[in-house]
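K.L.:
Could you have a look at this structure, given as structure tokens, before my questions?
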Amino acid sequence: MGSPRIIAGTARGIRLHPVPGTGTRPITDRVKEALFNIIGADIVGARLFDMFGGTGSVGIEALSRGAAFALLVENNAGAYRTIKANLVHTHLDEHAEVILADVFSCLRKPANQTFDYIYIAPPQYKGLWKQAIQGLEQNPEWLAEDGWVIVQIDPKEYEKITWQTLYEFDQRRYGSTLLVFLERHPTNNQFPNVITR
């Protein structure tokens, strides 16, 4: 896979520096474009939390399209440096914070802000996406009342799980990538809407 690129917005066409080694799983252009087509104009002014930052591709794409802020957490020092370099490369570093840390430690701390979109694309086949959702359920103030949690996994990793405070309202498959969409349980709507965008 070549270097990821920014698809739209102020940094359109810029190719990002890849993370050295094979420890990260970059999102493909096809999946990223589909994701942001689903989110649409709602990304403008939004706040996004990317739990497993990788190259920074998702957070930087969000900023390029008009997001107000992106928080990217990464526990790999090489990936952390790559994200920082890519933010400078795209001139979007003033609108982002990058933290070198274990994301599960972050989730155990009080949230100093809430996020409209929380993106979970962890290393494969370790069940980390489930741990991340559990962490959010234990500390729900990370997610805005009408926010979305979006999980990127291999379809083979997927399990249908009944969560305590979140529910899955849609999923989309693109080859070997599955996007799963969750939000808070509705208070008045017993039958949540599926994405129609």
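Just so you know, all these numbers are worked out from the coordinates, no wet-lab data involved. Just so we're clear, the structure is a prediction, and the values are computed from it rather than from any experiment. Counting neighbours? That spans all protein chains shown, and the Cβs are built from the backbone with ideal geometry, glycine included.
K.L.:
Using Cβ counts within 10 Å as a stand-in for footprinting exposure, how do ILE27, ILE99 rank, fewest first?
P.N.:
Placing the least packed residue first, the sequence is ILE99, ILE27.
K.L.:
Okay, next question. Determine, from the Cβ-Cβ distance of GLN138 and VAL44 and an R0 of 41 Å, the FRET efficiency 1/(1 + (r/R0)^6), rounded to the nearest 0.05.
P.N.:
0.85
K.L.:
Report the label-to-label distance for ALA8 and THR165 in nanometres (one decimal), using points 7 Å from each Cα along the Cα→Cβ vector.
P.N.:
Each label point is offset 7 Å from its Cα along the Cβ direction, giving 3.1 nm.
K.L.:
Just the number: Rg to Rh for the chain, Cα atoms, Kirkwood Rh, two decimals.
P.N.:
Reported Rg/Rh (Cα atoms, Kirkwood Rh): 0.93.
K.L.:
Could you tell me, in Å, what Rg and Dmax come out for the Cα atoms of segment 71-118?
P.N.:
Just the Cα atoms of segment 71-118 yield Rg and Dmax of 11.5, 32 Å.
K.L.:
Mind checking Rg over Rh on segment 130-169, alpha carbons, Kirkwood formula for Rh?
P.N.:
Here Rg/Rh amounts to 0.94.
K.L.:
Sticking with this one: What is the packing order of peptides 128-135, 106-113, 69-76, 11-18, taking the mean over residues of other C-beta atoms within 10 Å and listing the highest first?
P.N.:
So the order, starting with the most tightly packed, is 69-76, 128-135, 11-18, 106-113.
K.L.:
Roughly what would the spin-label model give for HIS185 and HIS17, points 7 Å off Cα along C-beta, in nm?
P.N.:
About 4.6 nm, to one decimal.
K.L.:
Return the percentage of antiparallel bridges among DSSP beta bridges fully within segment 101-182, rounded to the nearest 5 %.
P.N.:
Just about 70 percent of them are antiparallel.
K.L.:
In percent, how large is the relative contact order of segment 29-184, given Cα pairs closer than 8 Å and 6 or more residues apart?
P.N.:
Taking the mean separation of contacting Cα pairs over the length of segment 29-184, I get 19 percent.
K.L.:
I would also like to ask the following. Send over the Kirkwood Rh of segment 20-129, from the inverse of the averaged 1/r over different Cα pairs, rounded to one decimal Å.
P.N.:
Here the Kirkwood hydrodynamic radius works out to 14.1 Å.
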